[in-house]
Structures are given as structure tokens and as C-alpha cells.
Amino acid sequence: TQIDQIVYARIVNLSQSSILPMNTGNMIPSQIQTNTTHQQDEILRRRREGRRRRRQRRAQRRREQRAIEQAQRQPRQQQQDQLREQQRRIYPRG
């Protein structure tokens, strides 16, 4: 039947792409835009890049903040912090 054909074509299309626009319920399969795996990889890679950059910026800001705070503390407290930091480097959590 025609419905079977549509469903089959839909499945084939779905297997070619992981991202589909929403509300594809009433479209015929040829109207459904699917991304090639290459486009897909590009999209995901760009997203990962952005996330990585954001994380790095945040980490950098945290490091700078910690440096400022340490500079304002007494030397004794600073030594304790350095010890703690070294141990964190040797035995990272998670």
C-alpha cells in the first residue's frame, strides 16, 4: 500500500540522518530534509568546538580569580593552598 511505501521511505531517510526538522508527520518523504553524515559531523563538531571554547574560557577565568585571591592572602595560607593544589594534581578527582 502507499502508506507502507511512505513509512519505508521515511525509515530509509531517518537512517541517513540523525537530525530531522520537527512536524514531519504530514510531509512526503522527498520533502523531508535530511543531513548527510558529513554535514552532520560538521554540525556536531562545530557545537563541540563552541562548548570546548566556553569551558576553556570559564576555566581560565577561574584560574585568574584564584591567582588574585591567593595574592591577597597571607603567605602561610598560600603554602597550604599550594600543597592542596599539588595533591589535587597528583590525585585528580573524577
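Are there any pairs with C-beta distances below 8 angstrom linking a residue in region 59-74 that is in the same structural domain as Glu85 (by TED's automatic domain parsing) to a residue that is surrounded by 10 or more Cβ atoms within 10 Å (Cβ to Cβ), with the two at least 6 apart or on different chains, and if so which?
Listed pairs, sorted by first residue: Gln70/Gln78; Gln70/Asp81; Arg73/Asp81.
Determine, yes or no, whether Pro75 is in contact with a Lys or Arg (Cβ under 6 Å, 6 or more places away or on another chain) and at pLDDT below 85.
no
The values are calculated or read from the model by the stated rules, or taken from the named source; none is laboratory data. Note that this is a predicted model, so its numbers are computed, not measured. Please note: Cβ atoms are built from the backbone with ideal geometry, for glycine as well, and neighbour counts cover all protein chains shown.
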